[in-house]
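This report refers to the structure that appears directly beneath it.
What follows is calculated from the coordinates using simple rules that are stated; it is not laboratory data. Keep in mind the model is a prediction, meaning the values are calculated, not measured. For neighbour counting, all protein chains shown are included, and Cβ atoms are generated from backbone atoms with ideal geometry for every residue, glycine included.
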Amino acid sequence: MSKEYKIIVDDVYKTFNVYLDKANTIKEKLLFLFSRNKKEKREVLKGINLKVKKGEVVALIGTNGSGKSTLLKLMTKIIYPNKGKITTEGKLTSLLELGAGFHPDFSGRENIYFNASIFGLTKKEIDKRLDDIIEFSELGPYIDNPVRTYSSGMYMRLAFSVAINVDADILLIDEILSVGDEHFQNKCYEKMRDLKSQGKTMVFVTHSMQTVKQLCDRAVWLCDGTIKMDGPTEEVVDEYIKETK
Amino acid sequence: MINVFKNLYNYRELLKTNVKKEIRGKYKNSFLGVLWSFLNPLLQILVYAIVFQMILKNPQEDYAIFICCGLIPWTFFSSAISRSAFTMVENGNILKKVYFPREILPISIVTSEAVNFLISTIIIIAFVVFGGLGISKYIVFYPLVLLAQYLLLIAISLIVSSISVYVRDLQHLIGVALQLLFYATPIVYSADTIPANFQWILKLNPMTYIIEAYRDMFYTQTMVDVPALLILIAISLIGCVIGYLIFNKLQKGFAEQL
C-alpha cells in the first residue's frame, strides 16, 4: 500500500442477514434448514470506493440508514465486508460509542486505565497521558468517584478525553458530540483542529452540517449504500442540503 | 503468524487488566472472598473422600491426597473451558463497539484460571506435607506440566469460545461433556484399576497424562513421563494453531452474531 493513503476502501459490499426470528440453538438451526423464509438480506453498502489521504479530515454525510455507520464499523474491523477490501495504515482509534467498556463500579481513574488499554495503550503510555486526560475531562475531584455516580455529561467527557488522547494516526468518530455543553463541545473541536494540524487523519459521521463545514476539508455523501457525491465540503454540503430540503 | 504475536504484545496491557479483573471479580461479592478459592476445593475433596473412601471403600492409600492431586488440576481445566464458552456473549457489548484482538478474551480466561491454579497448588503442597509424604525433587517438573496444560487449554478455549457465539447450545453441552470427561480421567480412581479393554479411553484423553504427571510428582513421588509431556506439548501447539485458524475465521462475524 502506498504511503500516501491512510485508508483505502476498495469496492466494498456489505450485506446483513436480518433474522426475523434468530436461530441460536442446534434444534432451531435444524428446523430452520427446512423453513428458510425467515431470513431477509439487506444490502447496506454496494460497491464503495474511497481513499483517504494522510492528514485529511473527511465527513460522511447522508440520511439515516444510508450506510455511514456501517462503513465506519468496517474501517475499525468490528465487522468485515462480504466483498472488497479495506486497508488502513497506522494506529486506529474509533469512537463509535463513548464509554464502551467502562465499568460502573470502578473509579474514573481506574476506568481511564481500562478504557485506554482497550485502545491498545500500555501502562507506561497511560501513566504519561493520565494528567492530560484528567485535565481535559474537567472532572477534577470526581475522578476518584465510581463512574456510576457520574452524570451523562461527565461520563461522556471522560470517555472523550481518553479517546482523544490515545494518539492514534487515524481517528474514526461516529455522531457522539451531541452530548456535553457548548463549552466542552468547542473544546473538543479545538482539540480536533489541533490533531488535524498534527497531520492526523479523521473520518466523521455527523448530521450537523455546521460541524462538517467547520472541521472537514472533504465530504462524502452516502445514499442507499453508494457514494452519491465526493468532494470539497462546501459543494457537497450545499448540494446535500438542497436535495434533502 | 508473527503478526498475531505482535498484535497481542501491543495489547498486553489489556490482557493484564483483563486477567486482573477476572481474578478480582470472581470473589468480589461473596462474604468469604478469596477464602473460597481454598474452601471450595477442600470441601470437594471432603465429599469425594466420604463417597469413595468411606462408603465405597476405595483401597487407595492416602486417598485424600490422591484425590487432591487430581481434583485441583481438573478444576483448572474444567472452569477454564466452561468459562470460555461464556466469555464472548458476556462481553458482547464491548465486542460490538471497540476493536481489539478478540483472542485476548479466551486467553485471559485461561491465564486467570492458571493463576488461580498456581495459588491452589498451595493446597496440594499442604496436603502432601501434612499428610506425611513430604515434597519430592520431582517438583522441578511442575512448570513443564503446567505449560502443557496451559497450551492445551488455550487451544481448546479458542475453539470453544468462538463456536459458542454461533451455537449457544455449546454452553450446555460443554457442562455434560466435562462431566463425562471427568470420569474418563483418572481423578477419583487410579488408572491401573481400569480393565484392559477400557484403557484406550484413558490413553486418548490428554488430561490423563497431565493428572498422572501431577500425581507422579506429588503423590507417588516418582519420575514424571517427560516424553509423554513433550508429545502433549507438541500436539497442543498444533492445536493452538488450528484453534487460532478457526477462531480467526469465526471472529469476523462476532459483532453481527452477538
- Query: Rounded to the nearest 500 deg cm²/dmol, what is the calculated helix-only ellipticity per residue at 222 nm for chain B, with -39500 (n - 2.57) per DSSP H run of length n ≥ 4?
  - Reply: -23000 deg cm²/dmol
- In what sequence do B:VAL4, A:VAL166 fall when counting other Cβ within 10 Å, fewest first? B:VAL4, A:VAL166
- Going down the list A:LYS73/A:LYS213; A:LYS46/B:LYS96; A:LYS83/B:LYS20, which pairs span over 29 Å between their C-alpha atoms? A:LYS83/B:LYS20
- Query: Using 7 Å Cα-to-Cβ label points, what is the A:SER107/B:LEU56 separation (nm, one decimal)?
  - Reply: 5.2
- Straight distance only, please: which aspartates and glutamates reach the Cα of A:LYS54 with their own Cα at less than 13 Å, same-chain residues fewer than 8 apart left out? A:GLU4, A:GLU89, A:ASP169, A:ASP217
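Per residue, what volume in Å³ does the convex hull of the Cα atoms of region A:62-145 enclose?
143
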- For region A:114-127, in order, what is each residue's ³J(HN,Hα) by Karplus, 6.51 cos²θ - 1.76 cosθ + 1.60 with θ = phi - 60°, in whole Hz (x at glycine and Pro)? 5, 5, 5, 6, 5, 7, x, 8, 8, 4, 4, 5, 5, 3
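Using the 10 angstrom Cβ neighbour count as an exposure proxy, how do B:LEU39, A:LEU121 rank, fewest first?
Values: B:LEU39 11, A:LEU121 26.
Listing B:LEU39, A:LEU121 from fewest to most nearby Cβ atoms yields B:LEU39, A:LEU121.
Once you sort the root eigenvalues of the Cα gyration tensor of the protein assembly as shown as a ≥ b ≥ c, which label holds: rounded (a/c under 1.5), prolate (a/b larger than b/c) or oblate (the other case)? Spell out each step's value before the answer.
Details: a/c = 2.66, a/b = 1.97, b/c = 1.35.
Cα axes put the protein assembly as shown in the prolate bin.
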- Query: What's the local net charge at B:ILE211, with K and R +1, D and E -1, over the other residues with C-beta under 15 Å away?
  - Reply: -2
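Within the set of other residues whose C-beta is less than 12 Å from the C-beta of A:PHE136, count the net charge using Lys and Arg as +1 and Asp and Glu as -1. Can you show the working numbers first?
On the way: positive: A:ARG129, A:ARG157, A:LYS187, A:LYS191; negative: A:ASP131, A:ASP132, A:GLU135, A:GLU138, A:GLU190, A:ASP194.
Its environment carries a net charge of -2.
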- Query: Which of the aspartates and glutamates could a cross-linker span from B:LYS249 if the Cα-Cα distance has to be under 13 Å and same-chain partners fewer than 8 positions apart are dropped?
  - Reply: B:GLU103
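Take peptide B:16-24, look around each residue's Cβ out to 10 angstrom, count Cβ atoms belonging to other protein chains, and average those counts. Could you put the intermediate results ahead of the total?
On the way: counts 4, 8, 3, 0, 1, 4, 0, 0, 0.
Average neighbour count from other chains, rounded to a whole number: 2.
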- Report ³J(HN,Hα) in whole Hz for each residue of region B:86-95, in order, from the Karplus equation J = 6.51 cos²θ - 1.76 cosθ + 1.60 where θ = phi - 60°; Gly and Pro get x. 9, 4, 5, 5, 4, 9, x, 4, 6, 4
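So what is the relative contact order of chain A, in percent, for Cα pairs below 8 Å that sit 6 or more residues apart?
On the way: 417 pairs, mean separation 66.5, N = 245.
RCO, chain A: 27 percent.
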- Item | Relative contact order of chain B, defined on C-alpha pairs under 8 angstrom at six or more residues apart (%) | 27
- Sequence neighbours fewer than 8 away in the same chain don't count; with that in mind, list the aspartates and glutamates whose C-alpha is under 17 Å from B:LYS137. B:GLU212, B:ASP216, B:ASP225
- Based on DSSP H runs of at least 4 residues, each adding -39500 (n - 2.57), what is the mean residue ellipticity at 222 nm of chain A after dividing by all its residues, to the nearest 500 deg cm²/dmol? -11500 deg cm²/dmol
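Out of every Cα pair in region A:5-244, what percent are spaced more than 22 Å from each other?
Details: 16724 of 28680 pairs.
More than 22 Å apart: 58 percent of the Cα pairs in region A:5-244.
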- Note on the structure: For region A:188-197, in residue order, the Karplus 3J(HN,Hα) values (coefficients 6.51, -1.76, 1.60; θ = phi - 60°; whole Hz; Gly and Pro = x) are 5, 4, 4, 4, 5, 5, 4, 5, 4, 5
- Task: Under 19 Å from a label point 7 Å along Cα→Cβ of A:VAL18: give me every residue in region A:40-57 with its amide N that close.
- Result: A:40-47
- Report the dimensions of chain B along its three principal axes from the alpha-carbon atoms, largest first, rounded to Å. 56, 44, 35
- Message: For a quick check: with amide H placed at 1.01 Å from N, whose amide H comes under 5 Å from A:LEU60's, ignoring anything fewer than 5 positions away on the same chain?
- Response: A:PHE204, A:VAL205, A:THR206, A:VAL220
